Amino acid sequence: MDETYQGGCLCGGLRYLARGKPINERVCHCRLCQRAIGAAFNARLLFAKSQVTVEGDTTTFNSSPDLKRHFCPRCGTTVFSERASTQAYAITCASLDEPERFRPDMHFWTSSRQPWVKLDDGLPQHPEAAPA
Ligand SMILES: [Zn+2]
Ligand SMILES: [Zn+2]
């Protein structure tokens, strides 16, 4: 039985289905994610673009030349970001229909972690980008 992940935006106009296991599940504490999502961090599941089917329109914004944020044009939920160089989609964990399935394996950009966020889960922490 293939593993699948489904989810979408707040209004339901944008939905996705991801097939198979995520490449990784990580929490990004960078300022760009914080601002884009309006939250203290971005807990996201990385999939190859080829694993993901998207239904509905997205509006996009490039927060860096390589990274495009996709959000719902109606309700504004940031559902995933797309990295051009790796052809990958990073899906926000809270947009999943079953967000409790998120299993983080790492924190990165912890140099800009919000001071009130206490990390005591024992996972690796990287002050800047995750190592390749
Ligand atoms: Zn929406
Ligand atoms: Zn980030």
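The values are calculated or read from the model by the stated rules, or taken from the named source; none is laboratory data. All values derive from a computational prediction rather than experimental measurement. As a convention, Cβ positions derive from the backbone with ideal geometry for all residues, glycine included, and neighbour counts pool all protein chains shown.
Details
- Count of the stretch 94-107 residues, restricted to those that are crowded, with 22+ Cβ neighbours inside 10 Å and more than 16 Å from ligand 1 (Cβ to nearest atom), is 1.
- Criterion violated by Ile37 - all others in (1) more than 16 Å from ligand 1 (Cβ to nearest atom); (2) closer than 18 Å to Pro104 by Cβ satisfied: (1)
- Some residue of the stretch 113-129 being touching a helix residue (DSSP H, G or I) at 6+ places or on another chain (Cβ under 9 Å) and small (Gly, Ala, Ser): no
- In summary, strands (runs of 3 or more DSSP E) completely within the stretch 49-132 and bearing 2 or more residues that are farther than 17 Å from Arg35 by Cβ and either under 15 Å from the mean Cα position of the chain (by Cα) or modelled with pLDDT of 95 or more (or both) occur at 52-55, 78-83, 88-92, 106-108.
- Subset of the stretch 46-80 [of a type in the set (Phe, Trp, Tyr) and closer than 19 Å to Glu3 by Cβ]: Phe47, Phe80
- Flag if Lys68 is among the charged types (D, E, K, R), in contact (Cβ under 8 Å) with a residue 12 or more places away in the chain, touching a Phe, Trp or Tyr at 6+ places or on another chain (Cβ under 9 Å) and within 15 Å of ligand 2 (Cβ to nearest atom): yes
- When Gly8, Gly56 are checked against the criterion of being more than 16 Å from ligand 2 (Cβ to nearest atom), crowded, with 17+ Cβ neighbours inside 10 Å and not hydroxyl-bearing (Ser, Thr, Tyr), a single residue qualifies: Gly8.
- Only one entry in Leu32, Leu45 is assigned to a strand (DSSP E or B) and touching a strand residue (DSSP E or B) at 6+ places or on another chain (Cβ under 7 Å), namely Leu45.
- In the set (1) of a type in the set (D, E, K, R); (2) within 16 Å of ligand 2 (Cβ to nearest atom); (3) surrounded by fewer than 15 Cβ atoms within 10 Å (Cβ to Cβ); (4) without any contact (Cβ under 8 Å) to a residue 40 or more places away in the chain, the condition left unmet by Glu3 is number (2).
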